[in-house]
Amino acid sequence: MARGDPGVWTMATIGRMFGGGAETFMGAPACDDPSAVKGRAALIGAPVATSYPSVGAYCAGAPAAIRAAASAYAANRGHVNFDLGAAALPDGALADCGDLGRDAADAAGNRLRIRNAVAAVLGAGAVPVVLGGDDSVPIPVLQGFAGQPALTVLQVDAHIDWREQVEGERWGLSSTMRRASEMGHVEAIVQVGARGIGSARPEDLAAAHDWGARIVTAETLALEGLEAALAQIPAGAQVFVALDLDALDPSAMPAVIAPTAGGLGYWQVLGLIKGAAARGRIAGMTMTEFMPDHDVQGRGAALAAQLLTSACGLIGAAGDARA
């Protein structure tokens, strides 16, 4: 086929060109036991935690789709990532623990599997990086940090997620930060990127402010720059990054359930992650809300994989997670 033929130049083509292609993320070493992780960070796929009956497990295919988008560069882990100015994934930076089992009818079981896997990774001295799944996934991930040093949660999201319940469900995606606020090991919450109309009602916003959440809207970030958000992170903090991909503008990330104009750009999101690492230490991360069925020519998956690669590279370059 000629170069001009439609559909020729895909991520799979790039993989063939550069010798990529792998089942794990970026071809990182596989690890079947989270308690025996050898990498400084451990990737865990969590296809579902607590689904709402009205929408179901609509992001369950996300871990596989994002791994597939990254597989084209599996042979290039040692190449320069110009987004970091360093090797993409240094040796020992990341192990891929694969996807956890899921049962759409057993949300409590899903949450327990996620919580236990995260606790096991932390026990092994590694940083858990959890690839969802919808935005209910961070709740059990954060629960897995019980007994660890206090966390500052940096939520990058189009929504503040402070509902007490939706459809009678307290553990769903619209209650993520409300549940986080109830955990004794969460000492601060910085929320960046809120815009448009979501599930939050005036009383939910008031509850967030009353607790002490520091909310930096997408408009404020656009007008005042990244420092408006990064200054809210305490120096030396143990930072947990909760990245909901609907924080990004839909022109760059179409594959979300609630695309909303006025979102963040790639460099803003990566700048927040880099800034968090500079302010303190990234202790854990989730990436959620990618909907493969809504993607356009794989662009959203490629963007998610690029962000995730950079985040894992930052964590991997930070040294031993026990330090």
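Number of residues in region 117-147 that are crowded, with 16+ Cβ neighbours inside 10 Å and either touching a His at 6+ places or on another chain (Cβ under 9 Å) or not hydrophobic (A, V, I, L, M, F, W, C) (or both) equals 12. Out of contact with any Pro (no Cβ under 9 Å at 6 or more places or on another chain), among the polar types (S, T, N, Q) and under 23 Å from GLY275 (Cβ atoms), is that true of ASN76? Spelling it out, it is not the case that ASN76 is out of contact with any Pro (no Cβ under 9 Å at 6 or more places or on another chain), among the polar types (S, T, N, Q) and under 23 Å from GLY275 (Cβ atoms). Between GLU219, GLU187, GLU203, the distinction of being of a type in the set (Asp, Glu), touching a strand residue (DSSP E or B) at 6+ places or on another chain (Cβ under 7 Å), outside any loop (DSSP other than H, G, I, E, B) and surrounded by fewer than 22 Cβ atoms within 10 Å (Cβ to Cβ) belongs to GLU187 only. Scan region 58-78 residue by residue and report those that are modelled with pLDDT of 95 or more and in a loop (DSSP other than H, G, I, E, B). Residues satisfying the conditions are TYR58, CYS59, ALA60, GLY61. Note on region 275-309: residues that are surrounded by fewer than 24 Cβ atoms within 10 Å (Cβ to Cβ) and closer than 15 Å to THR152 by Cα amount to 7.
Applying the set (1) out of contact with any Gly (no Cβ under 6 Å at 6 or more places or on another chain); (2) in a loop (DSSP other than H, G, I, E, B) to MET253 leaves exactly one unmet item: (1). Among the residues of this structure, LEU100 counts as one that is surrounded by fewer than 23 Cβ atoms within 10 Å (Cβ to Cβ), aliphatic (A, V, I, L, M) and within 17 Å of the chain's Cα centre (by Cα).
The values are calculated or read from the model by the stated rules, or taken from the named source; none is laboratory data. Here the structure is a predicted model, which is why all the values come from computation and not from measurement. Positions of Cβ are backbone-derived with ideal geometry, glycine not excepted, and every protein chain shown enters the neighbour counts.
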